[in-house]
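The values are calculated or read from the model by the stated rules, or taken from the named source; none is laboratory data. A quick note: this is a predicted structure, and the numbers were derived from the prediction, not measured. Glycine also receives a Cβ, built like all others from the backbone with ideal geometry; neighbour counts cover every protein chain displayed.
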Amino acid sequence: MQQDTKSILATGRRKESRARVRLLLEGAGKVTINGRDLNKYFVTVDQVMQVKKPFAVSSTEGKFDVLASVTGGGINGQAGAISLGISRALLRFNPELRGCLRKENLLTRDPRTKERKKYGRKGARRRFQWTKR
């Protein structure tokens, strides 16, 4: 990843989602995801709060602009991926934030993914219906 002096790049992942996050150092707290505003991209309050949580925990709200490019997965997975990307970018900006971000579990990548389908099964665990006759 290439970095300049005015921005910090980081990657976040969750389920099938991948987020490339660019933290602009001279900002006013504007968050843009795939060219859309944060509140237009994420409709529920929980998703918006999850994206903003790294800033709230590290008390850096309104100091950075965020440009995020996210692909794959569902909307909740994308929110988690962006949150992890922002946390990693904040850590690159100031390594002293590790303690407060770690305490809120924002630096841990959630490893849960969809379980693969097995042969002889209808899904990952679901069996075909058994018929007596």
>> Restricting to the stretch 6-54, give me the number of residues that are touching a residue at least 12 places away in the same chain (Cβ under 8 Å) and more than 16 Å from the chain's Cα centre (by Cα).
In response: 9
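Checking the conditions here, which among Arg13, Arg22 is within 22 Å of Thr113 (Cβ to Cβ) and among the basic types (Lys, Arg)? Walk me through how you get there before you give the answer.
Numbers: Arg22 fails: within 22 Å of Thr113 (Cβ to Cβ).
Going through Arg13, Arg22 in turn, the sole match is Arg13.
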> Residues of the stretch 96-122 being over 15 Å from Ala10 (Cβ atoms) and under 16 Å from the mean Cα position of the chain (by Cα), which ones?
Replying inline: Arg102, Glu104, Asn105, Asp110, Pro111, Arg112, Thr113
>> Can you tell me how many residues within the stretch 44-56 are surrounded by 17 or more Cβ atoms within 10 Å (Cβ to Cβ) and of a type outside the set (D, E, K, R)?
In response: 5
>> When you scan the stretch 105-115, do you find a residue that is surrounded by 10 or more Cβ atoms within 10 Å (Cβ to Cβ), in contact with a Phe, Trp or Tyr (Cβ under 7 Å, 6 or more places away or on another chain), of a type in the set (D, E, K, R) and modelled with pLDDT under 95, even just one?
In response: no
> Can you find a residue in the stretch 29-43 that is assigned to a strand (DSSP E or B), among the hydrophobic types (A, V, I, L, M, F, W, C) and surrounded by 13 or more Cβ atoms within 10 Å (Cβ to Cβ)?
Replying inline: yes
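Quick one: is Phe93 modelled with pLDDT under 95, of a type outside the set (D, E, K, R) and either loosely packed, with under 11 Cβ neighbours inside 10 Å or over 17 Å from the mean Cα position of the chain (by Cα) (or both)? Give the steps one after another, and end with the answer.
Details: modelled with pLDDT under 95: yes; of a type outside the set (D, E, K, R): yes; either loosely packed, with under 11 Cβ neighbours inside 10 Å or over 17 Å from the mean Cα position of the chain (by Cα) (or both): yes.
Answer is yes for this residue.
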> Within the stretch 55-88, can you find the residues that are part of a loop (DSSP other than H, G, I, E, B) and without any contact (Cβ under 8 Å) to a residue 24 or more places away in the chain?
Replying inline: Ser59
